[in-house]
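Read the structure below first, then the notes.
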């Protein structure tokens, strides 16, 4: 690698590290308070329901995994339908999702969207094979409004400036080398 290009890479790398070091912070999307997995257990009708909810902050959603067993026998209930309902306390926004059983009997998964800031209540409904619904309490998610992150903007601008400067230098350097070669070829052919 020619010496000037190696210097360019060194200076560009050092500049990028300096910009990233000087501007702390991480860009983030809308966050859901309480990133930890939440667990709720309840008995509804003939079923024991254990639900785990994991917020997905960058997607403004939550994944809910529901395990349903028959209370009397402890067997996995793989013949029920599980529906997850959501409602936003500050508006009339509601939603629902059918939880699907991927490949595990008695295990159901659903992803619910929580796009509006505020309090979101979720509840579950377990429908027995005969069509009888059994409601179960769910979770409360607090979705905070999105914030602007000035540090992330500065990092973006800094990286863009470094990349633009590096590209400009490379173009200048390539043209200079091409001119020198053309001059050398012109002087050797004369």
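Here are a few things to note about the model shown:
- On inspection, residue 141 passes the criterion of being within 30 Å of residue 46 (Cα to Cα) and modelled with pLDDT under 85.
- Answer from 117, 133, 105 - the residue that is surrounded by 15 or more Cβ atoms within 10 Å (Cβ to Cβ) and over 21 Å from residue 37 (Cβ atoms): 117
- Cross-chain or 6+ apart pairs with Cβ under 9 Å, region 148-162 first and modelled with pLDDT of 85 or more, then assigned to a loop (DSSP other than H, G, I, E, B) and loosely packed, with under 14 Cβ neighbours inside 10 Å: none
The values are calculated or read from the model by the stated rules, or taken from the named source; none is laboratory data. Remember, predicted model here, so these are calculated numbers, not experimental data. Cβ atoms come from the backbone with ideal geometry, glycine included; neighbour counts cover every protein chain shown.
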